[in-house]
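Notes follow the structure.
The values are calculated or read from the model by the stated rules, or taken from the named source; none is laboratory data. Because the structure is a prediction, the values reported are computed rather than measured. For neighbour counting, all protein chains shown are included, and Cβ atoms are generated from backbone atoms with ideal geometry for every residue, glycine included.
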Ligand code: SF4
């Protein structure tokens, strides 16, 4: 039986950057794993915050970092830079929302080790409304037979799909 498509945090992240990438990712066109940016991202994840629990995988929720602070659960998303703050914020709000649906109350923080930044992320009603809309839009994109056309944006240069789109 074909598995039902599930939106996930990574697709929420890409949605705000490139809708074509949402389609490519969701159709299991895996980007080049040797890509410098992917490897660099992995290294930052592995070597930052060594004392914290890493990578909690709950189906479509893949949390980078979990810690307890003053009796409260903190779930964190680690990013290489603050360049795509809207994407990162929505992705983390999506995770907060999913764990809330599981009955878990948590606080969100974006960790940007290379910039020594830690930014609090709150899940409010506006964010839930926006994410509901985005989930629908992602389903629409994924349901198309072809990906949206490639559009040159700043993210194309470091994008792992660049060869696929622009070769
Ligand atoms: S190369 Fe550009 S157009 Fe292609 S998926 Fe990446 S960001 Fe989107």
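In table form, for the structure just shown:
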| quantity | calculated |
| --- | --- |
| Residue 156 being over 26 Å from residue 6 (Cβ atoms), within 15 Å of the ligand (Cβ to nearest atom) and over 14 Å from the mean Cα position of the chain (by Cα) | yes |
| Residue ranges of helices (runs of 4 or more DSSP H) in segment 82-167 with at least 2 members crowded, with 18+ Cβ neighbours inside 10 Å | 85-101, 125-143 |
| Yes/no for residue 98 being away from the ligand (no atom under 16 Å from the Cβ), within 20 Å of residue 26 (Cα to Cα) and in contact with a strand residue (DSSP E or B) (Cβ under 7 Å, 6 or more places away or on another chain) | yes |
| Condition check for residue 148: within 16 Å of the ligand (Cβ to nearest atom), at pLDDT 95 or above and under 19 Å from residue 13 (Cβ atoms) | yes |
| Yes/no for residue 44 being modelled with pLDDT of 85 or more and touching a helix residue (DSSP H, G or I) at 6+ places or on another chain (Cβ under 8 Å) | no |
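One line per residue, one yes/no per condition, for (1) modelled with pLDDT under 90; (2) within 24 Å of residue 132 (Cα to Cα):
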position	(1), (2)
49	yes, no
53	yes, no
57	yes, yes
62	yes, yes
66	yes, no
72	yes, no
103	no, yes
